[in-house]
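The values are calculated or read from the model by the stated rules, or taken from the named source; none is laboratory data. None of these values were measured; they are calculated from a predicted model. So basically every Cβ, Gly included, is an ideal-geometry build from the backbone, and we count neighbours across all protein chains shown.
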Amino acid sequence: MIYKFKSKDAADVVMLGPNGDQLLRILGREPSAKGIIEPADMPAAIAAIEQAVRDDEADTERRQKEAEAKGEVVQPPAVTLRQRVWPFLEMLRQCHRDGHPIVWGV
């Protein structure tokens, strides 16, 4: 499945299924073909994404340090969670500021 997040305030954000599923789970939602994020829910969504990014970066750093201690080399992910969710996070911020929902699948 492909997610196409839409709003009146920003360009569409398109994510492949696994990435969109991950994003929705970060937001505390089950992946679904249709949905809406209301402006009132956006501060909590922004905070959840920011915390997930911090957790992901801390986990990556921990794994790299463990690998270095064993003399191994670990390649960082080609695209980090921070990079992947940035467009959606910007959409959330703009929509919250302007008071419009984000929808997908409609």
(message) Restricting to segment 42-85, give me the number of residues that are under 17 Å from the mean Cα position of the chain (by Cα), part of a helix (DSSP H, G or I) and polar (S, T, N, Q).
(response) 3
(request) Just name the residue that is surrounded by the fewest Cβ atoms within 10 Å (Cβ to Cβ) out of those in segment 73-97 that are at pLDDT 90 or above and β-branched (Val, Ile, Thr). (result) VAL79
(message) Can you find, within segment 20-39, the residue that is nearest to the chain's Cα centre (by Cα) among those that are among the acidic types (Asp, Glu) and surrounded by fewer than 17 Cβ atoms within 10 Å (Cβ to Cβ)?
(response) GLU30
(request) Say whether the condition of being touching a residue at least 12 places away in the same chain (Cβ under 8 Å) and touching a Leu at 6+ places or on another chain (Cβ under 7 Å) is met by at least one residue in segment 7-24. (result) yes
(message) Could you list, ordered by first residue, the pairs with Cβ atoms under 6 Å in which the first is in segment 45-72 and surrounded by 12 or more Cβ atoms within 10 Å (Cβ to Cβ) and of a type in the set (Val, Ile, Thr) and the second is modelled with pLDDT of 95 or more and part of a helix (DSSP H, G or I), at least 6 apart or interchain?
(response) ILE46/LEU92; ILE49/ILE26; ILE49/VAL85; ILE49/LEU89; VAL53/LEU81; VAL53/ARG82
